[in-house]
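First comes the structure, then the notes that go with it.
Nothing in this text is a laboratory measurement; each read-out follows from the coordinates by a stated rule. All figures in this text were calculated on a predicted structure; none of them were measured in a lab. Note that each Cβ is placed from the backbone with ideal geometry, even for glycine, and that neighbours are counted across all protein chains shown.
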């Protein structure tokens, strides 16, 4: 397929009707193709009734073409778009889809358009003709109204470019995830030549998308590069993979796509580390809480010596201190002390010296936490367990045995411990070849991430770093409505006033890039009224409920009998929905917010405080999950306090009314299915299974099995996961699991299921491959016959290629010999002539 030039304002995408969407897109695709391939534009113009719209407009020119009776597409020509590069000025820009008013559509359906007596007596064909004329007249009025308010600015509008992809693929919006026309700032990030590159940005700023475009750009320059793409969350990695596949299909032709087929290895950190786990089980936060912390906490609470310092320490806070500092800290001077100790903990003396900038705890509390961490490491060893930091240490110490990349992309870096960050940089051949992206103000996972520490690492390792060249901070928000962005900006200003300005993380305020204003609500009533609101909310697919901690989550799950809609702050990360309801997010820390209010009033600083920074980050993450509306349900918070914290006065009521709180819209079965699929993609498999089980739509049983397979894989039960994936014909996933399980026969079978060429590239063409050692021992039954036939064909092809190469070489030698003979004869003749 030839490269096409088509841009689409995302408002056009939103204006398309769901009914007949496929037919409309097909017609648009035909028009675009004919416009670009037909020399005589008048022929296309006549066929599609292309006309310039004669109405007042902010734009240079707006054109329209006819899709069907009463339906028009408004578009611009690229030459009229300010800032569009010269080689793209023959592009078409789709602006909006126009249809006749709903009243006319209804009249057409009921055949009750107002007609006079003479018209009633006319033939059906005549009536249809007059009705069409009325529709055309009506749509012209609609076109003129819409053109008056239309605006389009390439740098500020959200635009999708269609290059090698067809506009028909818009029928499935997932196909277009990551397909954006990059603004000037984003293009700079992709094209700049400096390494390393640090990319920071607000929620919804396109960090992941920029990282993917950067990969495409690198591989265009050198298709032999080996690139590693790492992120902490499986959900974020699935999103990155989807974006990469979409962008690759749109940006590259078929040959270029083939060259990049196996260039990138995508890894969630946990999956990468699990390859080196051996027989041990990996401990995550849930296992730490259930199997270690509950018992340890109970024992320490019974000990008078530790009772006071132990009281109130939630598992999450302790896990954060152990994971982020005691086991995951790089050291103030990046001396990696944790690599030198036998138990993987920094020395107690080093820990006690850390001030509030690193740890919020007193000396007495630190001594308790260090003892608790020691108990934890002994528990790990006694039960043949390990955590991520343990595995990271092993990878660092045995780095030469592990994968080596030419380039790394590390997304959402704030979720990693410093030890994990250091481990990743040990996997790249040249340490400076990495792109790192993240958002300091979304750090809510149990780490103490700080971008200043990363810069400090670069400087200490003598890596070239200039802030104006190697770092960019993105400020355009393409996700959240204006009111949400306004609150996020206010929180940023409050944070700067109280905790100090950080030049690397506190840049310009965010700019909302979508038109929707958004709504902010509060229900200042008793708990029963708030429960009524929540009971209505869980009936909708477009709502999520966010709570500050596990205790609050479990209480609401029991009270509402719902296990799919309610998330803690750490669980909601990476998800978004149209309506977010925050329950006790502020009131549970009411005293802390009151301290914040008093310091703001007196213009006093709080100094560096991890606790208060966490509160601001927690609130920012909750806000930025909302695509349209957000509602706060707190006990004892006044409107004035909300205004102090959020910078806006929410719409409020004392009693629940679905109309007031914008919760009237019902959700369809398909919307609930899509919501369950979103949970699955986010790695919330338990929730997704529960959500699927409540639905009676095609495909549910299949999705439940896939969720269970993914659960097995996460738990390290690769054989079980592979069997389910294979049964559901997810051969790529089955191949990965069987490889990790060491089941070579099933592994080779699944490779074959993905095609003979894939098997050849992944097995036979590998440099270290040995047929007798790596393949023959695992060939049995039908697999043996298939593989032997494939190997025979491959060997014959190789032999043929070698013979052709030998013939080519012989011909080349013959041609050279002949040329030398002619040259010799010429020289002899010349010599004889002179004599």
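In the stretch 302-356, the ratio of gyration radius to Kirkwood radius, Rg to Rh, stands at 1.04 when only Cα atoms are counted.
Roughly how many Å is it from the Cα centre of the stretch 668-709 to that of the stretch 167-237, as a whole number? Result: 28 Å between the Cα centres. Per-residue Cβ neighbour counts within 10 Å put 484, 580, 269 in the sequence 269, 580, 484, beginning with the fewest. Taking other C-beta atoms within 10 Å as the exposure proxy, 485, 139 rank 139, 485 from fewest upward. Rg ratio for the stretch 281-392: its Cα radius of gyration over 2.2 N^0.38 Å, N being its residue count, equals 1.02. Take each peptide in 750-756, 708-714, count the other Cβ atoms within 10 Å of every residue, and average; sorted highest first, the result is 708-714, 750-756.
Centre-to-centre separation between the Cα atoms of the stretch 1-49 and those of the stretch 567-639: 46 Å. For the pair residue 191 and residue 21, the difference between a 0.36 nm per residue extended length and the Cα-Cα distance amounts to 57.6 nm.
Give the shape of the stretch 332-466 as rounded, prolate or oblate, defined through the alpha-carbon gyration tensor: a ≥ b ≥ c are the square roots of its eigenvalues, a/c under 1.5 means rounded, and otherwise the shape is prolate if a/b is larger than b/c and oblate if not. Oblate, because a/c is 1.5 or more while a/b does not exceed b/c. For the stretch 247-312, the Kirkwood radius over C-alpha pairs fed into Stokes-Einstein at 20 °C and 1.002 mPa s yields D = 128 µm² per second.
Contact order, relative form, for the stretch 526-620: 27 percent (alpha carbon pairs under 8 Å, 6 or more residues apart, mean separation divided by residue count). Peptides 696-702, 88-94, 734-740, 351-357 ranked from most to least packed by the mean count of surrounding Cβ atoms within 10 Å: 734-740, 88-94, 351-357, 696-702. Estimated at 0.36 nm per residue, the fully extended path between residue 348 and residue 732 surpasses their Cα-Cα distance by 133.6 nm.
Between residue 600 and residue 789, the modelled label-to-label distance comes to 7.3 nm, taking each label 7 Å out from Cα in the direction of the beta carbon. Computed extension length for residue 766-residue 262: 180.2 nm, one decimal, from 0.36 nm per residue of separation with the Cα-Cα distance subtracted. What would the Debye formula give as log10 I(q)/I(0) at q = 0.21, 0.23 Å⁻¹ for the alpha-carbon point model of the stretch 629-752, no solvent? Log10 of I(q)/I(0), two decimals: -1.10, -1.19. Summarising the strand pairing of the chain, around 25 percent of its internal DSSP beta bridges are antiparallel. Peptides 362-372, 66-76, 152-162 ranked from most to least packed, by the mean per-residue count of other Cβ atoms within 10 Å: 66-76, 152-162, 362-372.
From its DSSP helices (H runs of at least four residues, each -39,500 (n - 2.57)), the chain gives a residue-normalised ellipticity at 222 nm of -15000 deg cm²/dmol. Of the options [x] 31; [y] 39; [z] 20, only one is percent of Cα pairs over 55 Å apart as computed from these coordinates, and that is [z]. Taking every alpha-carbon pair under 8 Å whose residues sit at least 6 apart, the chain reaches a relative contact order of 10 percent. Sorting 725, 405 by the number of Cβ atoms found within 10 Å of their own Cβ, with the fewest placed first, yields 405, 725.
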